[in-house]
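Since every read-out is calculated from the coordinates, none of them should be taken as a lab result. None of the values given here were measured: they were computed from a predicted structure. Positions of Cβ are generated from backbone atoms using ideal geometry, with glycine treated the same way; all protein chains shown enter the neighbour counts.
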Amino acid sequence: MHGAAGNPTAIGARVTLELADGARQTAEVAAGPGATTPSPAGCFFGYPSANPPRHLRVRWPDGTASRHEVTPAATVLTVAKPAN
């Protein structure tokens with residue numbers, strides 16, 4: 001995740017992954033365990049190969065939203081907050 005200036009790791013973003021059958025999984029980007037041991041900001045989702053992801057929706061910390069298509073072969077997806 002790449003957020004806006006002042007919150008480049010998009011802490012607080014809500015990410016929803018929609019699968020081919022319409023099922024959804026939602027996660028929130030959170031800060032790492034501490035300042036001395038930061039972890040990368042991101043969300044991790046699991047799904048069966050028979051039900052791949054279709055798209056990803058992000059509700060950014062400033063309240064704006066974006067939608068991102070997911071290609072069937074994607075295993076890692078990096079999204080950036082669109083410019084307003």
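Some notes on this structure:
- Computed about the Cα centre, the dipole magnitude for the chain is approximately 100 debye when only Lys and Arg (+1) and Asp and Glu (-1) carry charge, each at its Cβ.
- Within a Gaussian network of the chain (alpha carbon springs, distance under 10 Å), most fluctuating of A65, A13, A50: A50
- Here the spin labels are modelled as points 7 Å beyond Cα on the Cα-Cβ line, and at F45 and E28 they lie 1.8 nm apart.
- Max mean-square fluctuation residue, GNM over the chain, Cα-Cα springs under 10 Å, options T26, T16, T64: T64
- Mean sequence separation of contacting Cα pairs (under 8 Å, at least six apart), scaled by the length of the chain, corresponds to a relative contact order of 31 percent.
- Cα extents of the chain along the three principal axes, largest first (Å): 39, 31, 18
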